[in-house]
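All remarks here apply to the structure that follows.
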Amino acid sequence: MNNNPTPTATILIVDDDEAYAETTAEALEKVGHHCIVASGGQEGLNKFAETEGIDLVLTDLVMGEIDGFDILRQVKDKSSDVEVMVLTGHGTVKSAVDAMEQGAYTYLTKPVSIEELRAKVTKAIEKQGLYRSNVELRRRLDDKFSFEGIIGNSPRMKRVFDVLEQISSTTATVLVTGESGTGKELIARAIHNNSPRKHGPLVALNCAALSESILESELFGHEKGAFTGADRAREGRFEAANNGTLFLDEVGDIPLSTQVKLLRVIEGREIIPVGTNTPRKINVRLIAASNRELKDLVDDKTFREDLYYRLRVVPLELPLLRERREDIPLMINAFIGEFAAMHGRPVTGITPEARKILLRHDWPGNVRELKNCLESMIVLTKSETLDVIDIPDDVSGNEEDTVEISSLSGITMQEAERQLVKNTLALTNGNRTEAAKMLEIGERTLYRKINEYELR
């Protein structure tokens, strides 16, 4: 009994040499594939458009007005996951390079042996199956472990999601705190998109490093002639966000004099643009964020206590990435899919060794750093699977990621294994599925070792 059957597929064969196309179809059908034959470029495009479920296109290159490059481009434009193999009797190095650059899976020169053709088709279908499985897995992960693109399954993130679900349908002011890179703006977007104001604007302003005069103009707008250079009136962010949501990032950097005016706007629901005394009514939901603890700023007399409590109607603290390491595998899968599609790279996964290094890194830049790291890896890799060599030096070279052999000296092999299992479970916060992956053993084996070493 064959436990690893050859994957089968629906294949469109496009060749103006009808006899050759039929012979090729017959050879592939003998190993279980379903083949559709088109005797020219236009017929090939028509059959591709008419037929659902085509997995692979095998096309000749030179075919009159519509050639193999036309087939390749149009198939990839319509269905990026459909593999295209170019098969021709007019092969040159340049045409081979051109075909591969435009997305062809491979390039074969006639005559090609039946065995080689079948082997190449099998490899193409296996690659496609892996890609589609990853896409489906990412879709399921997005459905199960995310909230508006914010990924997480750790207890800390589940609590964040619970709060988001409770407050999104309200108009309550929210104060989001957390280190830089933890996703505060994503949180604001998620709240807005799930609120009654989702059809209104979401306007963001980073309050850091803006002078008092510029910040007031940005917040409340100004009239023509209000100050030197104000050659026309301009609406502020509050007006731009009317009937929607205003996200103020880094509110801890707002000068005290502007804090007074901001407090007045929140309490009176009206603004006074710079250069006028006429108030204007506004209807805005406010979400504020800070990477500093505002209560400490209140104690230091650099942030108004009354404004602090006005902003902190609903407090929401985002955890550091190193405090929720069990979410990192979910993020790795999601970011690989996102950036592979964005940059047109055929990357479909990551090796266990590379995943371990990413899991152990402390990520001082939080989710933003992890995201930038994976984007760099995908752009620079020469492989379809990310590996240790693709990890930037500042991540892979972290001394904390290196296991010190001296710490294991003087103990038995059994005790070393017990310590390894224990540490891996701690690293994954008790997630046995992820721990088994890191240890490269089955979950049943891990469960047996947990019982054997009394690690429950």
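The values are calculated or read from the model by the stated rules, or taken from the named source; none is laboratory data. What you are looking at is a predicted structure, and each value in this text was computed from that prediction instead of being measured. As a convention, Cβ positions derive from the backbone with ideal geometry for all residues, glycine included, and neighbour counts pool all protein chains shown. These accessible areas exclude ligands, DNA and RNA; they are computed on the full protein's heavy atoms, side chains included. Shrake-Rupley method; radii C 1.70, N 1.55, O 1.52, S 1.80 Å.
Counting lysine pairs in the stretch 224-301 whose alpha carbons fall under 22 angstrom apart, excluding pairs fewer than 8 residues apart on the same chain, gives 5. Relative to the Cα centre, the charge distribution of the stretch 158-277, modelled as +1 at Lys and Arg Cβ and -1 at Asp and Glu Cβ, gives a dipole magnitude of about 360 debye. Computed 3J(HN,Hα) for the stretch 375-384, one whole-Hz value per residue from the Karplus formula 6.51 cos²θ - 1.76 cosθ + 1.60 where θ = phi - 60°, is 5, 4, 4, 5, 5, 9, 5, 10, 10, 8, glycine and proline marked x. Based on the Stokes-Einstein relation at 37 °C and a viscosity of 0.692 mPa s, and on the Kirkwood radius from alpha carbon pairs, the chain is assigned a translational diffusion coefficient of 123 µm²/s.
Under a 5 Å amide H cut-off, with hydrogens placed 1.01 Å from N, GLU83 pairs with VAL57 among residues at least 5 apart or on other chains.
Evaluating 6.51 cos²θ - 1.76 cosθ + 1.60 at θ = phi - 60° for every residue in the stretch 174-190, the Karplus couplings come out as 10, 10, 9, 10, x, 4, 4, x, 7, x, 5, 5, 4, 4, 4, 5, 5 Hz, glycine and proline recorded as x. Shown in residue order for the stretch 216-222 are the 3J(HN,Hα) couplings computed by the Karplus curve 6.51 cos²θ - 1.76 cosθ + 1.60 at θ = phi - 60°: 5, 5, 5, 6, 10, x, 8 Hz (x for Gly and Pro).
How large a share of the accessible area of the chain, in percent, is made up of carbon and sulfur atoms when the probe is 1.4 Å and the other protein chains stay in place? Accessible surface attributable to carbon and sulfur in the chain totals 48 percent.
Take the cross-link list LYS94/LYS382; LYS123/LYS449; LYS184/LYS422; LYS47/LYS123; LYS76/LYS184 and give me the ones stretching past 31 Å between alpha-carbons. The answer is LYS123/LYS449; LYS184/LYS422; LYS76/LYS184. Rounded to the nearest 20, the Cβ-based charge dipole of the chain about its Cα centre (Lys and Arg +1, Asp and Glu -1) stands at 1860 debye. Beta-bridge orientation, the chain: approximately 10 percent antiparallel, per DSSP, counting only bridges with both partners inside. Counting 0.36 nm for each residue step from TYR309 to GLU65 and taking away their Cα separation leaves a gain of 80.7 nm.
Close amide-amide hydrogen proximity is noted between LEU202 and THR245, each under 5 Å apart and 5 or more residues distant or on a separate chain (H modeled in the peptide plane; Pro and chain starts excluded).
To the nearest 500 deg cm²/dmol, what mean residue ellipticity at 222 nm is calculated for the chain from DSSP H runs of n ≥ 4 alone, each contributing -39,500 (n - 2.57), summed and divided by the residues? Intermediate values should be presented prior to the final figure.
Details: 19 runs with 213 residues, N = 456.
The helix contribution divided over the chain gives -14000 deg cm²/dmol.
Residues whose amide H comes within less than 5 Å of that of VAL274, counting only those at least five positions distant or on another chain, are GLY221, HIS222, GLU223 (H built at 1.01 Å from N in the peptide plane). Per residue, the solvent-accessible area of the chain (1.4 Å probe, heavy atoms of protein chains only, all protein chains present) comes to 52 Å².
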